[in-house]
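*Asks:* Handing you a structure now.
The values are calculated or read from the model by the stated rules, or taken from the named source; none is laboratory data. All figures in this text were calculated on a predicted structure; none of them were measured in a lab. Using ideal geometry, Cβ is built from the backbone for each residue, glycine included, and neighbour counts are taken over all protein chains shown. Surface areas here come from the heavy atoms of the whole protein model, side chains and all, with no ligands, DNA or RNA. Shrake-Rupley method; radii C 1.70, N 1.55, O 1.52, S 1.80 Å.
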Amino acid sequence: ELQNTLDPLAHRPTAQIKTLLVKKYRSSDYAAKARARIREISGIEGLVIEKKHSGEAKWLTQLSTLTNRSFVNMSRDLGYYWLRIAIYVALSICVGSIFFDVGTNYNSILARGACGGFISGFMTFMSIGGFPSFIEELKVFYRERRNGHYGVAVYILSNFLSSFPFLTVMSLSTAAITYYMVKFHPGISHFMYVSLDLISSIAAVESCMMMIASLVPNFMMGVIIGAGYIGLLMMTAGYFRLLPDLPKIFWRYPVSYINYGAWALQGAYKNDMVGLEFDGFIPGGPKLKGDVVLTSMLGIHLDHSKWWDLAAVIMILIAYRLLFFIILKFKERVSPLFRTLYTWRTLQHMKKRPSFRKTSAFPSKRHQVLHSLSSQEGLNSPIH
């Protein structure tokens, strides 16, 4: 009681006490020293205090970091590219030895077509072997994307840039071995076209596989769907069935026109046979020009250049990457709605279960009112 009597703030409200303390501090020596120190620090030249408007790194920084990390992961994973490069080299040596120095006789026309069909078909088909790595990489992307570390576009571009050196090594090794062992059309420009055509084709297949990997729930389903899809593309590429002979409805229009393999194979045939002359069916007969062989035997039209065929493959590659981008953005927008719908349906299903009902679904002795044995026998209970 004595302490409460001597304390002048004992009977004042809290708000009034706070106001009084602030007023006392502003007029004190501590406040004056603090203001002087702030003016002294603010007068230092070169001291700029910047505000961070966002926690995200710049777009180029994100691209550089993701590309470097993806490249390191690809180079460390033996099965991602290194094993495939070794298989490519081994198969290229096998193809080169089988079609070694194929020549320009009449039988070599079919041999050149078969070799070109194998290279542009099966060599690109082996890109399906990267499916396990694609699935694992997408898992990392989904987790980091939910945390807001980077965008979809920068991820897709970084994935392509990091894989491009490996695709180049694969394509150049295959092209160099097969080109010089089989002895295709000589010339550095022809060799460069073969390399570019193979790089674009393998990149298109990888983009297609990435797109399929983003749609399937597991690795096994992705391999099955990817193998079936590439099988359809191989059948309509123009080797097993010539393009003019394909059924016009669906297979010729539009499948063969959106098939990277059809454009790649046409370009490869033109690159090899245009300008060459082959022996006729009858020994000593007139020579067959490569243009005639293309149009009459292989069903290849010469109304456009081989570079247009290469441009078509590159456009299909870009289209696959754009579809991959659209799929990822669509899943990002729609996934919350599907999760909400799934949760709602699960709750509705659980409410129908007997253990979650407020009343019992069927008569049970557990839910009946309990009575003493004496009352059930018609006797009075001792406790009443």
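*Asks:* Starting from the Cα of Lys351, draw a straight line to each of the lysines and keep only those under 30 Å, dropping any in the same chain fewer than 8 residues away.
*Replies:* Qualifying lysines at Cα under 30 Å: Lys331, Lys365.
*Asks:* Just the number, please: carbon plus sulfur as a percent of the accessible area of the chain, 1.4 Å probe, no ligands or DNA/RNA counted.
*Replies:* After summing per-atom areas, the C and S share lands at 66 percent.
*Asks:* Taking only C-alpha pairs under 8 Å that are 6+ residues apart, what is the relative contact order of the range 103-202 in percent? Display every interim value, and only then the final one.
*Replies:* Numbers: 25 pairs, mean separation 36.2, N = 100.
Relative contact order for the range 103-202 comes out at 36 percent.
*Asks:* How big is the gap, in Å, between the Cα center of the range 233-267 and the Cα center of the range 282-355?
*Replies:* Between the Cα centres of the range 233-267 and the range 282-355 lies a distance of 14 Å.
*Asks:* Here is a follow-up. Let me know the shape class of the range 283-344, please: from the alpha-carbon gyration tensor, a ≥ b ≥ c as square roots of the eigenvalues, rounded when a/c is under 1.5, otherwise prolate if a/b is greater than b/c, or oblate. Walk me through the numbers on the way to the answer.
*Replies:* On the way: a/c = 8.07, a/b = 4.14, b/c = 1.95.
The shape class here is prolate.
*Asks:* If you find the alpha carbon centre of the range 159-220 and of the range 90-153, how far apart are they in angstrom?
*Replies:* 6 Å
*Asks:* Name the residue farthest towards the positive end of the dipole of the chain from the options Ile98, His190, Met123, assuming +1 on Cβ of Lys and Arg, -1 on Cβ of Asp and Glu, about the Cα centre.
*Replies:* Met123
*Asks:* Okay, moving on. Within the range 236-308, which chymotrypsin sites (Phe, Trp or Tyr not before Pro) sit in a loop by DSSP and count at most 12 neighbouring Cβ atoms inside 10 Å?
*Replies:* In loop regions of the range 236-308 (DSSP not H, G, I, E or B), the sparsely surrounded chymotrypsin sites (Phe, Trp or Tyr not before Pro) are Phe240, Phe281.
*Asks:* May I pose another question? If packing is taken as the average number of other Cβ atoms within 10 Å across a peptide's residues, how do 118-125, 61-68 rank, most packed first?
*Replies:* Highest-to-lowest ranking by the protection proxy: 118-125, 61-68.
*Asks:* Divide the volume of the convex hull of the Cα atoms of the range 74-215 by its number of residues and quote the answer in cubic angstrom per residue.
*Replies:* Numbers: hull volume 14.4 nm³, N = 142.
So the per-residue Cα hull volume is 101 Å³.
*Asks:* Continuing with the same structure: Mean separation of Cα pairs under 8 Å and 6+ residues apart, divided by the residue count of the range 59-338: what relative contact order is that in percent? Provide the component values of the computation, followed by the final result.
*Replies:* On the way: 311 pairs, mean separation 67.2, N = 280.
Taking the mean separation of contacting Cα pairs over the length of the range 59-338, I get 24 percent.
*Asks:* Okay, next question. Looking only at GluC sites (Glu not before Pro) in DSSP loops with at most 11 other Cβ atoms within 10 Å, what is the longest site-free stretch of the chain? Intermediate results must be reported in sequence, preceding the final value.
*Replies:* Numbers: sites that count: Glu1, Glu45, Glu50, Glu377.
Answer - 51-376.
*Asks:* Taking the inverse of the average 1/r across all pairs of different Cα atoms in the chain, what Kirkwood radius in Å do you get? All intermediate terms of the calculation are to be shown ahead of the outcome.
*Replies:* On the way: mean 1/r = 0.0361 Å⁻¹.
Mean inverse Cα-Cα distance, inverted, gives 27.7 Å.
*Asks:* Turning to a different aspect of this structure: In deg cm²/dmol and to the nearest 500, what is the mean residue ellipticity at 222 nm of the chain if only DSSP H runs of at least 4 residues count, each as -39500 (n - 2.57), divided by the residue total? Don't skip to the end; give the middle numbers.
*Replies:* Working: 14 runs with 247 residues, N = 384.
Value at 222 nm, helices only: -21500 deg cm²/dmol.
*Asks:* For the peptides 299-306, 159-166, what is the packing order when you average, over each peptide's residues, the other Cβ atoms within 10 Å and list the highest mean first?
*Replies:* In descending order of packing, they fall as 159-166, 299-306.
*Asks:* Lys/Arg Cβ at +1, Asp/Glu Cβ at -1, dipole of the chain taken about the Cα centre: which of Val334, Trp344, Met297 is farthest positive-ward?
*Replies:* The listed residue farthest towards the positive side: Trp344.
*Asks:* Please list the non-local residues whose amide H lies under 5 Å from the amide H of Lys289, H modeled 1.01 Å from N, same-chain partners needing a gap of 5 or more.
*Replies:* Long-range HN contacts for Lys289: Phe278.
*Asks:* Rg and Dmax of the range 193-240, Cα atoms, in Å?
*Replies:* 12.3, 38
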